[in-house]
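Asks: To start, I am sharing the structure in question, which I have written as structure tokens.
The values are calculated or read from the model by the stated rules, or taken from the named source; none is laboratory data. Fair warning: this is a prediction, and the values are worked out from it, not measured in the lab. Cβ atoms come from the backbone with ideal geometry, glycine included; neighbour counts cover every protein chain shown. These accessible areas exclude ligands, DNA and RNA; they are computed on the full protein's heavy atoms, side chains included. Shrake-Rupley method; radii C 1.70, N 1.55, O 1.52, S 1.80 Å.
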Amino acid sequence: MTKLIVDSKEIDVPPEYTLLQACEAAGAEIPRFCFHERLSIAGNCRMCLVELVGSPKPVASCAWGVRDCRPGPKGEPPEVKTRSPMVRKAREGVMEFLLINHPLDCPICDQGGECDLQDQSMAYGVDASRFHENKRAVEDKYLGALVKTSMNRCIQCTRCVRFSAEVAGVPELGATGRGEDMEITTYLEQAMSSELQANVVDICPVGALTSKPYAFAARPWELGKTESIDVMDALGSAIRIDTRGREVMRILPRTNDDINDEWISDKTRHVVDGLRTQRLDQPYVRENGQLRPASWSEAFAAVAAKMARVNPKRVGALVGDLAAVEEIFALRDLMTRLGVSNLDCRQDGSALDPQWGRASYLFNATIVGIEASDVLLIVGSNPRKEAAILNARIRKRWRAGNFPIGLIGPKADLTYTYDYLGAGPETLAAIARHSFAETMRKAERPLVLVGSAAFARADGAAVASLAAKAAVDLGAVKEGWNGYSVLHSAASRVGALDLGFVPGEGALTARQMATSGTLDVIFLLGVDELEIAPGAFAIYIGSNGDRGASRADVILPGAAYPEKSAIYVNTEGRVQMATRASFPPGDAREDWAILRALSDVLGKRLPYDSLAALRQALFKAHPHFQHIGQIVPGVADDIQKLAARPIANTERTPFRSSVEDFYFTNAIARCSAVMAECSALALGRAAVTAAE
């Protein structure tokens, strides 16, 4: 530790700290524009100037290391002043420079109320300027469907440039020109292609980069703010949902160092308009081949009439990718009381089975554990599409150095370099003889990341055993470290597997239920990724009019994820609580409440009349769901047992990713016009790349 005196207060800080970090550790507030804790140091705004006693002029605290400070003439610790007249005058001068060309756009700027420049000009701005030259004009740039530019406001802090190059790994932004002619641009004025591009709006300290879909929609002081959890992938990123009245206006990231740092994917942020489009706000019943609006009593009566005539063995229930733990628990409870054993949450056809043990389907290394690992093997996954935030975490570890990465599966631009080992299960079976295996054996904490699509094949069970065997053989499962990690892409999957929502003995799997035509009735809880064959009477509970609703014979309108308080379990086994930010439209109701009301009509009443009572029953049956915010780990012995299972013959079909189109992975996203535009831009880029 290094001693330092900040504003007459003596502190001890690590020698690798910058002066800015040291001053903040001492409780001093240091203004800044270019400095960001998660980006490299640029030192080009000079707003963070402080007085280092003994220095002839102020120093930029963001770029000056504590270890570079000289002690006093008598050996006393270096002294820093953050509130001296010299510092005040220097910061006022910097602010005067920054405002030379900045337009007076505050009344019409979307950044108003959340602008660093506004806040700091209140503290360090002066009432007059010594510069009388005309303000420069800069042409606005086209950056795609998500980011709107007003480049007259840009102060060249280069945060966006550094984010694109360092965090997103797609260095599409840069600076051209020098001095007064410097401009931030994409060079060829093409749309940005990163799945994290909209984060540049959050880190822009002025109004140069703002949200294009949210332009002129609301002011921050009008909005109610609710902390919640994202369900667009299986990571459970921390988000803040901003609402005005009953309407969700925008979604922003919250800082969670264990999962998403302070970033979110573009789909998480801009799926908002999908919450308003094609919403199911009243029940529907199919008559003469056409769906017609109905009352709740009519819809329930239609379900009851059908259920009264069928054998429970010819009834099935499926769970979709966005379902919460409470409604899955309620559906399972209802089906059990009805004598139904055809249950499945794996609409992708995955072979993962809770009987193999919880560790067999968790990301056991944890997301933050990626930074502790020293070698990575990716099997059958494209993390950039399946979990863009986790991919950024892998890139963060890769940039730190000494992190070899091997890939078995589809080739893709993952924003970091890797050794391509092969395409299919045959490579995985022979991995122990590959040169990359020696790298993993020598590593202290090797990590084997297996994509969920690897289990969704006809030979999925064999692939699971192969992957577990490889993890054990290569030293990824050992005392104090379990590197066998499954990356799910569905937010509901781990919670549903924890609840055992899989077929009973001799019962049908999801694909068999969808294609066999042997069922008379099928319950679909938000199931939109599976085509249900004609024949079965389909009862759909969901929020948006997508594939499941178009196939349904009865539609019971449910709540979308911002409209309910719900528990989700992310891919690493972390139990998380999403908070209600708004209310379902029209006659739509929360999914668990629909199932509770339906159970009355079916004569199998569920014993809970409130969400609290339901959770009490849930926690009694599955105590680990009580540990909100905590990871309930699996047992490493499960991986050993899975590796020891007999391995059947595998197909030679190459692995593929579980996500083909990043922007269209669920019903809400497919109802979003913004996601449709992003998807079209991405497909256009792919077509151009293929042509090249």
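Asks: I need the shape label for the range 477-567. Rule: rounded when a/c is under 1.5, else prolate if a/b > b/c, else oblate, with a, b, c from the alpha carbon gyration tensor.
Replies: oblate
Asks: Another question, if that's okay. Enumerate by residue number the trypsin sites (Lys or Arg not before Pro) in the range 534-638 meeting two conditions: DSSP loop (anything except H, G, I, E, B), and at most 16 other Cβ atoms within 10 Å of the site's Cβ.
Replies: K604, R605
Asks: Roughly what angle does helix 611-621 make with the longest principal axis of the chain, taking Cα atoms, 0 to 90 degrees, to the nearest 10?
Replies: Once rounded, the angle reads 70 degrees.
Asks: Further, regarding this structure: Per the 1.4 Å probe, what fraction of the accessible area of the range 227-285, in percent, lies on carbon and sulfur atoms?
Replies: Within the range 227-285, the accessible surface is 36 percent carbon and sulfur.
Asks: Something else now. Using helices alone, I'd like the mean residue ellipticity at 222 nm for the chain: each DSSP H run of four-plus residues gives -39500 (n - 2.57), total over residue count, nearest 500.
Replies: Value at 222 nm, helices only: -7500 deg cm²/dmol.
Asks: I would also like to ask the following. Kindly provide the chymotrypsin sites (Phe, Trp or Tyr not before Pro) of the range 208-255 that DSSP labels as loop, not H, G, I, E or B, and whose Cβ sees at most 11 other Cβ atoms within 10 Å.
Replies: F216
Asks: At a probe size of 1.4 Å, how large is the accessible area of D637, to the nearest 10 Å²?
Replies: Around 90 Å² of this residue is reachable by solvent.
Asks: Another one. How far, in nm, would the chain grow between D587 and D127 when pulled straight, counting 0.36 nm per residue and subtracting the alpha carbon separation?
Replies: Length gained, D587 through D127: 160.0 nm.
Asks: Counting only protein heavy atoms and using a 1.4 Å probe, what share of the accessible area of the range 166-211 belongs to carbon plus sulfur, as a whole percent?
Replies: 47
Asks: Then there's this: Could you list which residues have their amide H under 5 Å from that of D419, counting only those 5 or more apart in sequence or on another chain, with H placed in the peptide plane?
Replies: Under 5 Å from the amide H of D419: I405, G406, L407.
Asks: Further question on the same structure: Given H placed 1.01 Å from N in the peptide plane, which residues other than close sequence neighbours of M192 have an amide H under 5 Å from its amide H?
Replies: Result for M192 returns G144.
Asks: Okay, next question. Please report the net charge: other residues with Cβ closer than 15 Å to the Cβ of D353, K and R +1, D and E -1.
Replies: So the surrounding residues net to +1.
Asks: Rank these residues by their accessible area, most exposed first, probe 1.4 Å: E96, E139, E222.
Replies: From most exposed to least exposed: E139, E222, E96.
Asks: Just to confirm my numbers, what's the Cα centroid distance between the range 364-384 and the range 146-167 in Å?
Replies: Computed from Cα coordinates, the inter-centre distance equals 29 Å.
Asks: Using 0.36 nm per residue of separation minus the Cα-Cα distance, give me the extension gain between K442 and T579 in nm, one decimal.
Replies: Difference between extended and current length: 44.9 nm.
Asks: Lys and Arg at +1, Asp and Glu at -1: add these up for the other residues within a Cβ distance under 13 Å of N382 and post the number.
Replies: -2
Asks: Report, for the range 525-649, the % of DSSP beta bridges that are antiparallel, rounded to 5.
Replies: Percent antiparallel among DSSP bridges in the range 525-649 is about 50.
Asks: So, for the chain, what is the accessible surface per residue at a probe of 1.4 Å, expressed in square angstrom?
Replies: Per residue, the chain has 41 Å² of solvent-accessible surface.
Asks: On to the next question. Distance between Cα centroids, the range 520-543 to the range 173-208: provide it in whole Å.
Replies: 45
Asks: Counting only protein heavy atoms and using a 1.4 Å probe, what share of the accessible area of the range 482-534 belongs to carbon plus sulfur, as a whole percent?
Replies: Ligands and nucleic acids excluded, carbon and sulfur give 49 percent.
Asks: Check each of the GluC sites (Glu not before Pro) in the range 430-503 and keep only those in coil by DSSP with at most 15 other C-beta atoms within 10 angstrom; list them in order.
Replies: Loop-located and lightly packed - E444, E479.
Asks: Would you mind checking which residues have amide H under 5 Å from E247's amide H? H placed 1.01 Å from N; only 5 or more apart, or other chain.
Replies: Answer set, sorted by chain and number: none.
Asks: Which angle from 0 to 90°, rounded to the nearest 10, does the C-alpha axis of helix 388-399 make with the longest principal axis of the chain?
Replies: Helix 388-399 and the main axis of the chain meet at about 50 degrees.
Asks: Moving to a separate point now. Pull out the extension gain between Y420 and T176, defined as 0.36 nm times the separation in residues minus the alpha carbon to alpha carbon distance; nm, one decimal.
Replies: Here the segment from Y420 to T176 would lengthen by 84.3 nm.
Asks: Now for a different question. Roughly speaking, what is the centre-to-centre gap between the range 651-682 and the range 267-322 when only Cα atoms are used, to the nearest Å?
Replies: The two parts, judged by their Cα centres, are 24 Å apart.
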